[in-house]
Amino acid sequence: MKKLTTLTVLVAVAAPAAVAPAASAREFEGTVVAINRDARTFSLRDEGRTVRIKVTSRTRYERLAGFSALRRGMTGIEAIARRADGRWVASLVERSGRDGGGGGDDDR
C-alpha cells in the first residue's frame, strides 16, 4: 500500500510539471533591434520592451529563410517562445502575414 501511495504522490507532482512548458509559451511581435549570430539570439522590441530570444535547431521559420534572414530593423517579426533555463527559446519565428494585398474589400 505504501508503494501505491508514493506512486500516486509522484504522479500528482509530475503531471503539472509536464504541462507547464506548454502553458508558459508566449507570442512576441515587433521590430528586430539586435542580432547575435554567435549566440543565435535576436532581440525584439515588443510593446515598449525589448525581449531577447534564442533560436535552436528545432526552431521553425515561416515566411523567412531561417535565422540568417533576420536583419536589424525588420518589422512585423513574430516569435512563439517558451521559458527554458531563464531565457526565451523560440519554437517558431515568422514574418507577419500582413501584406496588405489580400483583403478583396477594396474592389467595390
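This table checks each residue for (1) more than 11 Å from the chain's Cα centre (by Cα); (2) modelled with pLDDT of 95 or more; (3) of a type outside the set (Ser, Thr, Tyr); (4) part of a loop (DSSP other than H, G, I, E, B).
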position: ARG72; (1), (2), (3), (4): yes, yes, yes, yes
position: GLU78; (1), (2), (3), (4): no, yes, yes, no
position: SER91; (1), (2), (3), (4): no, yes, no, no
position: GLU94; (1), (2), (3), (4): no, yes, yes, no
position: GLY97; (1), (2), (3), (4): yes, no, yes, yes
position: GLY100; (1), (2), (3), (4): yes, no, yes, yes
position: GLY103; (1), (2), (3), (4): yes, no, yes, yes
Residue list for region 42-68, filter: open to solvent by less than 30 Å² (accessible area, probe 1.4 Å) and without any contact (Cβ under 8 Å) to a residue 24 or more places away in the chain: SER43, ASP46, GLY66
Region 87-98, residues that are without any contact (Cβ under 8 Å) to a residue 60 or more places away in the chain and within 11 Å of ARG52 (Cβ to Cβ): ARG87, VAL89, ALA90
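The values are calculated or read from the model by the stated rules, or taken from the named source; none is laboratory data. Computed from a prediction, not measured in an experiment: that's the story for all the values here. Cβ atoms come from the backbone with ideal geometry, glycine included; neighbour counts cover every protein chain shown. Each accessible area value is taken on the protein alone, full model and side chains, heavy atoms only, with ligands, DNA and RNA left out. Shrake-Rupley method; radii C 1.70, N 1.55, O 1.52, S 1.80 Å.
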